[in-house]
Amino acid sequence: MYQPTPDFPEWLPRIFQKILDLFGLSVNWADWGSLLTVLWAVVVFTLIAVVAQASVIFMVLMERKVLAWMTQRKGPNRVGPWGALQTLADGVKLLFKEDIIPKGANKFLFTIAPALFFLPTFVFFGLIPFTSQLLAVALPAGALFVFAISSLSVVGLVLAGWASNNKYSLLGGMRSAAQAISYEIPLVMAVLGVVLFTGSMNIGDIVKAQQGPFWNWYGVLLTPVSLFIFFISTLAEVNRVPFDLPEAESELVSGYNTEYTGMKFALFFLAEYAALFAMSAFNVAFFLGGYFSPFGKFILELLTHQEAAQMTGPLQLGLQVEMLFWFMMKTYLFIFLAMWVRGTLPRLKPDQLMGFSWKFLIPLSLINIFVIAIEKFMVLPGGESVMNHLPILQPGSSLSSWAIWIVIAAVVFGGFFILMSRLLSEKLEARLAHR
Amino acid sequence: MSTSPQHHNDFTQNRVLEGLKEIGKGMSTVLSHYFRPPVTLEYPEVMPDLSDRFHGRLCLLTKSDGTDLCIGCQACARVCPCNDLIQIEMHRDAQKKPVIDQFTIDLGRCIFCGNCTEVCPVDCIKFLPDFELSDFSREALVLDKKDLTLSGEESDQWRLVRGMEPLVE
Amino acid sequence: MSIQDIPGIFTEQGLKTEDLVVNIGPQHPSTHGVLRLITTLNGEVVKDMVPVIGYLHRSKEKMAESRSYFQYQPTLDRVEYLSSFFDHYVYVSAIERIANLKVPKRVQYIRMITMELNRITSHLLWFGTFLLDLGATSPLFYAFREREDIFKLFEDVTGARMMYNYYRFGGVNADLPPGWIERCRSFIRQMPHKIDEYESIVTKNPIVLDRTVGIGRMDQELCMKYGVTGSSLRASGIAQDLRKTNPYCCYDEIAFDVPVGTHGDVYDRYMVRMAEMRESCKIIEQCLDRIPGGDNQNVRNKQAEIDAAKAAAKERGEDPKSVPDLDPDWLIQGQKINLMTYKPPAGEAFTVCESPRGMLGCHMISDGTPKAYRVKWRGASFSNLSVLPELMIGNLYSDLMAIFGSLDVILPEVDR
């Protein structure tokens, strides 16, 4: 069905060989494979990091513009054409600001906290499969590694709150730690279902398994609930509205980054956007088919009537560019969705936040995994696995296989919602009347 | 005594789908604004449309031929809520006609209330629709008689826009 | 060694905790004005809250004693900048009561229209900032978009967008410009649709519901103990609206309802204010239909007719006084007053009006001189703010923003 992602593309040793041929040297690339892995990782990571930072700078402007258009205003449009240089101007301004370290603050921890907060996000960029070849490190346990590393950024947050010697920051740091820990569980459990389907934790493999038109993607037909859980947990992990209590401007005057000025503040600010970008990219990779086009075939394939696997040379390069285009398009769709949610919803209180995660999202994700497990392993009378009848695996499969799958999902999810709504609930009007 | 609030952190009490539907409605309202034209007025390329009665910069009107209209009665200075904002010095010439030596208004302290414009018996001190009054020092905001007085043509223009007749003695 | 053996951690009452004394304000994005709240927190629960006011004290009441009546008027706008017309109204009607001045009906209607428009702007700003405190950023801009339209209307009438200085003793400064009534009417027609839009974002939003339903409940005894008035009082179930109980201007000729809540929590205060905006639209529409004289152009035409008739009568040799003057209800000044030297007779009056925040009152004592002897303001926000510690003590700190925002307190009115 799919090939495991190699650690580096096959043209890399060829190019190096050509370079070495100029010096008349020859190398047995089978022995030097690990060096190539590292080299490829470094090259791609640098490239991605640069592109991702540019993306982050663009996202800051995009947020202001999107929020402005949603409120019938124009965003920044004075600095550069359509305000394109606004973030740069903001960055320069922050660079020139006086770097204040509050008296009584722990200088070392205060300085290191933004870096600790930013570092894990930076590491993520190496794991995102932008295209089939543009993947810095193809870790066999990539999905696990991502969420393990993301927990490290919480340490940075708490340190920032503690080291500021400020009650507001301390409160903000504590709140953000509680929030991050609570929402990591549904985050990981949502991905668990996807890993079950693919049979591998390698993110490149997960993307490759979603080859095909949009109905093959995991988040569209197979587990939309997982997509929902993952998206909400992403917002909570990145501290965005409605989960932005740690930096609630009106309640705690910026929470954990109250005391930060200048470039340290800019680092927090940019790290948040970088984390949003990285998480949206993972969202796309896990649930929306990564770099595959929604039409099934790439536009380049349709134009040149060739199969993607057979393309070489400049056509392959064009294909990679098109893959990148689709990937970025979908990622920005999620980023736009996050900004749209920011423009609409108010903030959740701390107890609401915890309640939402522990009492709703976690039970929902447990049931979700249950349904996915059933889908994967259920055996029909006759010994055949249900998976063989699932539409995604058999093109042109019969109506009965669709029916089986829809019935299973409807029964389990419908039952869950009815249970939640009826057993323990009051109607909205009754609740308003009984308070 | 106020009763303690019920802490509604129990999400199973919400009808989940109804809550999502309401959030969806709110989000679609917000998105619908995305497609409406922005209401931003891009100042300074586009100037706002001000009414005739706008409380902008103060000015002293003159008669159509440019001679002073002010009679130095100090009515404006007396009704100004800010003490000593308007300073007028005058003397009478040989024909007992008033001659204004000094007329200063400190725009930095003025609150643009319009009291002075209302009590002037000769309709002399009035507002112009000019709001761009910033300057680089507080002293520059103190306008004297030269800054305040409009020419005869400007005064007639002012009166014309507001439907008043030109003032010829 | 177990945790109980570590010295200093356990006391007789259990695990030793410390109370955190947090200073909220005076500079804070969400205290609406300059307010300092000294809060003692135990975790997230508020154990004590002491509001410290006075940062905005500008001696407004003392200023009246050193300025003449007309000289003092422009400073009234700034007593409470969101309800400028209401501040003006109580002051001017106190003088009118002391001096027994005539107020034409057209003036009453103009005052009603401007006051209700002012109520809409105040509630719009409250709505935007309330939701901003809760965390939603868009409704603020929508509210301000409507406020811009109303400011344009005000600018056409009074010349200023926010500090109007419009009411005079026994009248108003200048008549409405021609065509204003039509523009106001077209604005008011689309206002309820805008309010529907705001409500679609907020009213049934589950996050808003969880933050406001059942929070900050004020029962009726608490309201009366602290003298809370206005929307907060009506949300607790007492149908007290000065426009109905002590009608002033011509409110008894206009049909409108008074929205009343049942539970007195934050959600009810929100719903009452949204309903009040709709009622204001109804009031304005009726006033625009019934204003004596109608549009200004109408009044001018009538005046021109009368002048022409008088001139014709004079030419014919008849007494011009036989031609009836303009209907006195159509005038904008009841009597001629010399603003500079005006001296009301010695006397005392206490006038109230229903401002967006509650009962706004002016107690004026005049002694027959051009300067007032004493002007005392009864500010609604002062009493509304005093109930805040009562509502917060024993409750979560994160409810502070919702509760304080719902009380609709404007600090300039508290400090004056």
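Just so you know, all these numbers are worked out from the coordinates, no wet-lab data involved. In this text, all values refer to a predicted model and were calculated from it rather than measured experimentally. Neighbour counts run over all protein chains shown; Cβ positions are idealised from the backbone, glycine included.
Both numbers refer to the Cα atoms of the range C:293-356; Rg and Dmax are 18.2, 56 Å.
Calculated on the alpha-carbon coordinates, the convex hull of the range B:20-163 measures out at 191 cubic angstrom per residue. Panel values: chain C, Kirkwood radius from alpha carbon pairs, Stokes-Einstein at 4 °C and 1.567 mPa s, translational diffusion coefficient 55 µm²/s.
The radius of gyration of the Cα set in the range C:250-299, together with its Dmax, comes out at 15.0, 49 angstrom.
For the range B:126-159, which GluC sites (Glu not before Pro) are in a loop by DSSP, counting at most 15 other Cβ atoms within 10 Å?
Qualifying residues, ordered by number: B:Glu132.
Cα centroids of the range A:45-69 and the range A:7-23: 34 Å apart.
Remark: the range C:144-154, residue by residue, has Karplus-estimated 3J(HN,Hα) of 5, 5, 5, 4, 4, 5, 5, 4, 5, 4, 5 Hz, where x stands for each Gly or Pro and the curve is 6.51 cos²θ - 1.76 cosθ + 1.60 at θ = phi - 60°. Round to a whole angstrom and tell me the spacing of the C-alpha centers of the range C:141-210 and the range C:41-100. If we compute the Cα centre of each part, the gap is 23 Å. Contact order, relative form, for the range C:101-173: 33 percent (alpha carbon pairs under 8 Å, 6 or more residues apart, mean separation divided by residue count). With a 10 Å cut-off around each Cβ of C:62-74, the average count of Cβ atoms from other chains is 3. Applying the criteria of a DSSP loop state and at most 11 other Cβ atoms within 10 Å to the trypsin sites (Lys or Arg not before Pro) of the range A:63-114 yields A:Arg78, A:Lys103. With a ≥ b ≥ c the root eigenvalues of the C-alpha gyration tensor of the range C:136-249, is it rounded (a/c under 1.5), prolate (a/b larger than b/c) or oblate? Since a/c reaches 1.5 but b/c is at least a/b, the shape of the range C:136-249 is classed as oblate. With K and R counted +1 and D and E -1, the other residues having a Cβ less than 12 Å from that of C:Ile201 yield a net charge of -1. Computed over the alpha-carbon pairs of the range C:43-119, the distance histogram in 10 Å steps reads 15, 36, 26, 12, 8, 3, 0 percent, short to long. Annotation: the range A:137-258 has a Kirkwood hydrodynamic radius of 15.8 angstrom, from the mean reciprocal C-alpha pair distance.
Whole-percent P(r), the protein assembly as shown, all Cα pairs, 10 Å bins from 0: 2, 9, 16, 19, 17, 14, 10, 7, 4, 2, 1, 0, 0.
C:Lys102 sits among other residues whose Cβ lies under 15 Å from its own Cβ, and their net charge, with Lys and Arg +1 and Asp and Glu -1, is +2.
Taking the inverse of the mean 1/r over every pair of distinct Cα atoms in the range A:79-178 gives a Kirkwood hydrodynamic radius of 16.2 Å.
Note on A:Leu88 and C:Val50: the model spin-label points, each 7 Å out from Cα along the C-beta direction, lie 5.4 nm apart. Averaging the sequence gap over all C-alpha pairs within less than 8 Å and six or more residues apart, then dividing by the number of residues, gives the range A:58-212 a relative contact order of 20 percent. In terms of overall dimensions, the C-alpha atoms belonging to the range A:11-397 reach 66, 65, 46 Å along their principal axes, ordered largest to smallest.
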